[in-house]
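Below is one structure; the comments refer to it alone.
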Amino acid sequence: MGSPSQLFTLIVVDPLSYGDGVVTIRRLRASDIDADLAAKDEEQIRWLWEPGQRETWDAMTLEEQRSHALRTLQQTHDAFGPGPKWCFGVDTAAVAYVAYVDCDLANPHVPLGDANISYSAHPASRGLGYVSRAVRLILRFLLDQTAAPRAHILVDAENIASLRVARSVGASVVDERRNDAGRSMVRHVIQLPRGPSSTGNLGT
């Protein structure tokens with residue numbers, strides 16, 4: 001059996017963006033830098049950063065932080081397409097990059113070939129429903145661009161806002177267990193329907 005990247009590589013991703021009339025998910029770009037830096041607040045750090053990441057970040061100067069974030073954005077932009085992970089910025093008609101969402105077919109915490117979905121809302125856009133819309137769009141992306149049979153959403157049991165998003169997109173709780181850092185994580189699963197009218201069944 002090949003590696004995850006060999007099993008799930010896509011040569012062409014088309015379209016490069018998905019929209020629902022309120023939000024659009026699209027490839028990240030270097031011009032997202034200011035919004036990206038503003039999003040790195042206590043809420044994001046608490047729920048999304050791995051142990052040790054904050055210490056490394058805090059040890060940088062402001063210029064080093066900006067350079068690091070810009071480099072990461074550019075690398076993510078350049079890597080879009082081949083997979084097995086796709087990262088999206090979320091735009092509204094009025095504001096660019098109000099949230100982030102990604103899907104990963106080679107995440108070590110889910111069965112190989114299933115998708116893991118992660119997301120975060122930027123500070124000024126929390127509680128407005130943008131992330132739930134973006135997750136529904138990334139489910140459409142998975143149906144269109146991959147053969148993944150299921151999508152997983154792993155959420156810290158204390159992260160009420162993210163738990164609310166998982167429920168709102170129709171994900172079912174399947175188990176709860178502690179991760180390597182000792183935090184209780186709730187696993188949600190969404191079955192990805194396959195068929196002519198499959199997208200009409202998402203998020204119900």
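The values are calculated or read from the model by the stated rules, or taken from the named source; none is laboratory data. Bear in mind the structure is a predicted one, so any value in this text is a computation, not a measurement. Note: ideal-geometry Cβ built from the backbone for every residue, glycine included; neighbour counts use all protein chains shown.
Screening the range 161-204 for residues that are loosely packed, with under 11 Cβ neighbours inside 10 Å and under 20 Å from Arg136 (Cβ atoms) and picking the one that is modelled with the lowest pLDDT gives Thr204. The set of residues in the range 137-155 being of a type outside the set (A, V, I, L, M) and modelled with pLDDT of 95 or more consists of Arg140, Phe141, Pro149, Arg150, His152. Residue check: is Ile153 closer than 26 Å to Arg46 by Cα, aliphatic (A, V, I, L, M), surrounded by 22 or more Cβ atoms within 10 Å (Cβ to Cβ) and without any contact (Cβ under 8 Å) to a residue 40 or more places away in the chain? Yes, satisfied.
Among the residues making up the range 38-52, a single one is without any contact (Cβ under 8 Å) to a residue 40 or more places away in the chain and surrounded by 15 or more Cβ atoms within 10 Å (Cβ to Cβ): Lys40.
One line per residue, one yes/no per condition, for (1) out of contact with any strand residue (DSSP E or B) (no Cβ under 6 Å at 6 or more places or on another chain); (2) touching a residue at least 40 places away in the same chain (Cβ under 8 Å):
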residue	(1), (2)
Arg54	yes, no
Ala59	yes, no
Leu70	yes, yes
Trp86	no, yes
Val95	yes, no
Ala106	yes, yes
